[in-house]
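A quick write-up on the structure given underneath.
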Amino acid sequence: MKAILDNGNLKYSSQYKFILHDDGSKTYTLNATDKQWLDWGFKDIEEPVFDSSTHNLGDWYETDTIITRDVIDKTKEEIDTYLDLALVNKKQNQFNELQKTDWYIIRNIETGVEVPANILKARELIRGEY
């Protein structure tokens with residue numbers, strides 16, 4: 001994928017049906033070659049691989065041949081916040097999964113109807129998973 005960096009924003013080559021030149025002429029991009037894209041200022045995008053739990057991505061910048069961004073270590077506070085949010089999400093998922101079978105438990109309490117063993121086992125697994 002090729003793009004051009006415009007005021008810190010990526011503009012992808014696929015957004016351009018034609019290139020308007022300084023003299024007012026147009027070149028349609030449907031069959032543009034890599035060399036043409038480079039001549040028009042477009043470069044390959046190199047998206048870094050990173051772990052979002054421990055890293056952030058910096059702003060886009062360009063070199064002679066590519067557009068990329070730096071991987072920046074998160075601060076301890078940012079990591080703690082990420083982990084806190086991950087735990088909250090995990091507990092919310094557990095709550096949502098258990099809620100699907102809560103009616104069995106309520107029915108048991110109110111009427112004495114036994115909760116099926118497979119439901120009890122599934123709830124146990126949910127508690128263990130989260």
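Summary table below
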read-out: Cβ pairs under 9 Å, 6+ apart, first in region 104-129 and among the small types (Gly, Ala, Ser), second outside any helix (DSSP H, G or I); value: Ala122/Thr101
read-out: Test: residue in region 68-80 that is assigned to a helix (DSSP H, G or I), surrounded by 14 or more Cβ atoms within 10 Å (Cβ to Cβ) and without any contact (Cβ under 8 Å) to a residue 60 or more places away in the chain; value: yes
read-out: Filter result (within 30 Å of Thr81 (Cβ to Cβ) and of a type in the set (Asp, Glu)) within region 1-59; value: Glu46, Glu47, Asp51, Asp59
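All of the numbers you see were taken from the coordinates with simple rules; none came from a lab. Every value quoted in this text rests on a predicted model; they were computed, and no experiment measured them. All Cβ positions, glycine included, derive from the backbone under ideal geometry; neighbour counts span all protein chains shown.
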